[in-house]
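The values are calculated or read from the model by the stated rules, or taken from the named source; none is laboratory data. Note that the structure is predicted; figures quoted are calculated from it, not measured. Backbone-built Cβ (ideal geometry, glycine too); neighbour counts: all protein chains shown.
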Amino acid sequence: MKFYVGDYTGLGGPGVCECELADGALRFVQAADTKIEDPTYLILSGDGKTLFATSSSPSDGEEGGSVATFDLSEGGLRLTSMHSTAGGSACHLTLSPDERFLYVANYNDGKLTVFPVSEGKVGTRIQLIQHEGHGPNPDRQECPHVHFVTFHPEDGRLYAVDLGLDAVMIYRQDEKTGLLTLDERVDVPAGMGPRHLAFRGDMMYVAHELGGAVSVFRASMGGWQLEQTLSTIPEGGGSEGAVAAIRILGDRLYVSNRENDDIAEFGIRMGGSLVLERNIPTFGNFPRDFLPLEEGLFLVANQNSGDIRLIAAAPMNMPRRQTFRMGMRAILGEYVSEMDLMMGGVFEACDPLELPGAVCVCPAKA
């Protein structure tokens, strides 16, 4: 399988690059034709021909971050457009459902930027929204910090997670113009510093960077209602801070703990509540992002140790372990031993790929 990686150029990484998992090994394939600074998040267009990236590189003669597009149609990584977000530290982005507009979160100054998209390129921004306010943590919540943006798959609204405000700001999108209007604010427990979120049915799961926890919300006629907040760390098991990415696969929810170098695995119970089942080591330092390939099999970007690793964590019950074995075989074939499959536990499924400053992984379209 092919995947793309963004890494911190300030830590020695190549920027945007293509890698692959093939024949039981992780391999570097190529770097983009243009090196952009610190691409912290990557997404693909629906047809898999365009890669969108955030960057700290200035553009359009303005200070601050930018967004860039790369053409993948001829097997390369060719930069095709780049525009300023007018915000500091562009860190996350998402496309509208019809892919006519791009929305970018800017962390440092709490701005949300809107761009038109046409023929695989972004145009000049059409809207700039400034969040206002602060949270109780004077060191990390002194001002707004927009960290994540995504569209809800059913209600069609844009959800912007703001670490500085302890809030998820929800916007209505004008489908014709792409412009946003604030529709609802969902507050999380004070001081938690929300970072990313994920949806499943009528549930919303918000991962908190500062609080080291996940909050569970349920949709209701009166808006989103908080039902549970649960730590990502076992009692007495390490630092509470630095939660990063959140992913859902089936009835499992996963959250990376950067300061504890692991991925917390939660079971999603009937009704949507969570139970922490275990913490899976990532065999590297500061796991910034990860990608579940199958239940129990993960690609992990460890920022500070500078590597991509393939981690296998056998499920704890036998029916799930059989599914895990089949998934391992499908991805790695003969390159995983029967001993590894039978022993269970957690192990590296192949040698790591050294990639300085690796911060995000984005799978190619199948």
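Below are the figures for this structure:
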read-out	value
Tabulated pairs, segment 272-288, first closer than 18 Å to ALA313 by Cα, second basic (Lys, Arg) and assigned to a loop (DSSP other than H, G, I, E, B), C-beta under 9 angstrom, 6+ apart or interchain	VAL275/ARG269; ASN285/ARG258; PRO287/ARG258
Residue that is of a type in the set (D, E, K, R) and under 16 Å from ARG195 (Cβ atoms), where the choices are GLU277, GLU259	GLU259
Flag if PHE70 is farther than 29 Å from ALA312 by Cβ and part of a strand (DSSP E or B)	yes
Pair list, Cβ < 7 Å and 6+ apart or interchain, from segment 14-39 residues that are at positive phi to residues that are among the polar types (S, T, N, Q) and not in a loop (DSSP other than H, G, I, E, B)	GLY15/THR9; ASP38/THR9; ASP38/SER55
Considering residues of segment 253-298 that are among the small types (Gly, Ala, Ser) and surrounded by fewer than 21 Cβ atoms within 10 Å (Cβ to Cβ) only, the residue farthest from PRO352 (Cα to Cα)	GLY271
Sole residue being touching a Gly at 6+ places or on another chain (Cβ under 9 Å) and among the charged types (D, E, K, R), chosen from ARG125, ARG100, ARG78	ARG100
Per-region count, segment 38-50, residues farther than 20 Å from ALA245 by Cα and either surrounded by 15 or more Cβ atoms within 10 Å (Cβ to Cβ) or modelled with pLDDT under 95 (or both)	2
Hits in segment 270-301 (condition: more than 27 Å from ARG218 (Cβ to Cβ) and either of a type in the set (Lys, Arg) or touching a Ser or Thr at 6+ places or on another chain (Cβ under 6 Å) (or both))	GLY284, ASN285, PRO287, ARG288, VAL300
Close pairs (7 angstrom Cβ cut-off, 6 or more residues apart or separate chains): in contact (Cβ under 8 Å) with a residue 12 or more places away in the chain and within 10 Å of PHE283 (Cα to Cα) in segment 299-320, assigned to a loop (DSSP other than H, G, I, E, B) and among the polar types (S, T, N, Q) anywhere	VAL300/THR282; ASN302/THR282; ASN302/ASN285; SER305/ASN285; ARG309/THR282; ILE311/THR282
Hits in segment 282-312 - residues which are at pLDDT below 90 and either in contact with a Cys (Cβ under 8 Å, 6 or more places away or on another chain) or not in a loop (DSSP other than H, G, I, E, B) (or both)	GLU294
Segment 338-364 residues that are assigned to a strand (DSSP E or B), paired with ones that are acidic (Asp, Glu) and modelled with pLDDT of 90 or more (beta carbon under 7 Å, 6 or more apart)	LEU353/ASP307; GLU354/ASP307; ALA358/ASP7; ALA358/ASP307; VAL359/ASP7; VAL359/ASP289; CYS360/ASP289; VAL361/ASP289
Residue count, segment 79-124 (criterion: part of a strand (DSSP E or B) and of a type in the set (Gly, Ala, Ser))	5
Qualifying residues in segment 226-252 (those that are at pLDDT 90 or above and among the polar types (S, T, N, Q)) - the one surrounded by the fewest Cβ atoms within 10 Å (Cβ to Cβ)	GLN228
Test: GLY46 is within 21 Å of LYS121 (Cβ to Cβ), in contact (Cβ under 8 Å) with a residue 40 or more places away in the chain, small (Gly, Ala, Ser) and in contact with a strand residue (DSSP E or B) (Cβ under 9 Å, 6 or more places away or on another chain)	yes
